[in-house]
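Reading through the structure tokens given below for one structure.
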Amino acid sequence: LGVALSDPNADRIIFWDDSAGVHAYLTAGTGLTITGTTITAADVQSGTPSDVTASRALNTSYQNASTTRYLHINVAVTHSGTATSFQLGSATAPTDVVSFFQNTAGASTHSSTHSVLVPPQWYYRLQGTTLVTNGWWEMTF
């Protein structure tokens, strides 16, 4: 390289910093690690989906408390007779319908699974009446 660099006392990557006109060391940022000669990127998910079925209720608003991460929700339901919707919004009582489900003509019950992404700090709720929640899973990413 023709440059004199000092020992950084850690694994680093040498790069050309064009704005400074010199070679410099890169530091592995958040989610990156250097082990030997390998760079590894961490998974962007913050874990596995959590089953929150027991702690969720119909017609109740919840908030994605994260200021930076989206919340991925999967809800499996069985409903009969009436329309049901999954609602999102920036207000405490969300009204924007993002998923709508209703029985087909003549059907007594209908089962379905719905997937919704909730932006950081937004509220969400499952709105309906004659509905059984078979499972509710949440995961931030």
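Please treat every number below as a calculation from the coordinates, not as lab data. This is a predicted model, so every value here is computed, not measured. FYI the Cβ positions are ideal-geometry reconstructions off the backbone, even for glycines, and counts take in every protein chain you see.
Under 5 Å between amide hydrogens, built in the peptide plane, is the criterion, and for Ser99 it picks out Phe86 among residues at least 5 positions away or on other chains. Judged by the mean number of other Cβ atoms found within 10 Å, the most tightly packed of the peptides 6-14, 68-76 leads the ranking 68-76, 6-14.
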